[in-house]
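Participant: Here it is, the structure, as structure tokens.
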Amino acid sequence: MAEEKGNLFMQLIFMFQAAAMQQMGKVINPLTKKIEKDLNQARFSIDILGMIEEKTKGNLSEEEKKLLDHVLFELRMNYVDEVEKEKTTAEEKAKEEKKTAEPEKKKPKKPKSKKK
């Protein structure tokens with residue numbers, strides 16, 4: 001019975017890991033067959049795992065604790081990476097928009113000389 005509960009706990013961890021990876025756009029959504037990104041939802045999935053870590057402190061086997069620690073570390077690093085990518089993309093987009101919004105600077109025209 002204890003082993004079965006341990007397996008269920010690990011499946012719960014894997015379920016939230018898979019969801020977060022999908023929500024970060026790291027893996028294809030098996031239902032839509034598309035890469036989808038929702039960083040707010042990914043953050044929520046990671047936070048749930050963090051809450052599970054807090055609530056189960058002292059009640060996990062060594063194997064369960066190592067798995068949860070590893071999964072949380074991996075997800076948090078990937079999340080930071082995706083947030084940084086979005087920030088960089090947004091900055092680049094803003095620079096491009098600024099470039100296209102600024103009128104081109106024209107060189108002053110030389111006055112035409114009048115012929116006599």
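Quick note: the coordinates plus some simple rules give every number you see, no bench work behind them. These figures come from a predicted structure and were not determined experimentally. Because the Cβ atoms are built from the backbone with ideal geometry, glycine has one as well, and the counts that use them run over all protein chains shown.
Participant: What FRET efficiency do you get for Ser61 and Thr89 if R0 is 41 Å and r is their Cβ-Cβ distance, rounded to the nearest 0.05?
Facilitator: The computed FRET efficiency comes out at 0.50.
Participant: Run a plain Debye calculation on the chain (Cα atoms as equal point scatterers, no solvent) and give log10 I(q)/I(0) at q = 0.10, 0.13, 0.22 Å⁻¹, rounded to two decimals, same order as the q list.
Facilitator: -0.47, -0.65, -1.18
Participant: For Glu96 and Thr32, what is the calculated FRET efficiency with R₀ set at 30 Å and r taken between the beta-carbons, to the nearest 0.05?
Facilitator: Efficiency, from the Cβ-Cβ distance: 0.55.
Participant: How large is the charge dipole for the chain, taken about the Cα centre, if only the Cβ atoms of Lys, Arg (+1) and Asp, Glu (-1) carry charge, to the nearest 20 debye?
Facilitator: Once rounded to the nearest 20, the dipole reads 2560 debye.
Participant: Also, I was wondering about something else. Tell me which of Phe9, Ile35, Met51 sits at the most positive position along the dipole axis of the chain, charges placed on C-beta atoms (Lys, Arg +1; Asp, Glu -1).
Facilitator: It is Ile35.
Participant: Summing -39500 (n - 2.57) over the DSSP H runs of n ≥ 4 in the chain and dividing by its residue number, what mean residue ellipticity at 222 nm do you reach, to the nearest 500 deg cm²/dmol?
Facilitator: Estimated from H runs of four or more residues: -24500 deg cm²/dmol.
Participant: Hey, what do the phi angles of the range 45-61 turn into as Karplus ³J(HN,Hα) couplings, whole Hz, using 6.51/-1.76/1.60 and θ = phi - 60°, x for Gly and Pro?
Facilitator: In residue order, the calculated couplings are 4, 5, 5, 4, 4, x, 5, 4, 4, 4, 6, 9, 3, x, 10, 9, 6 Hz.
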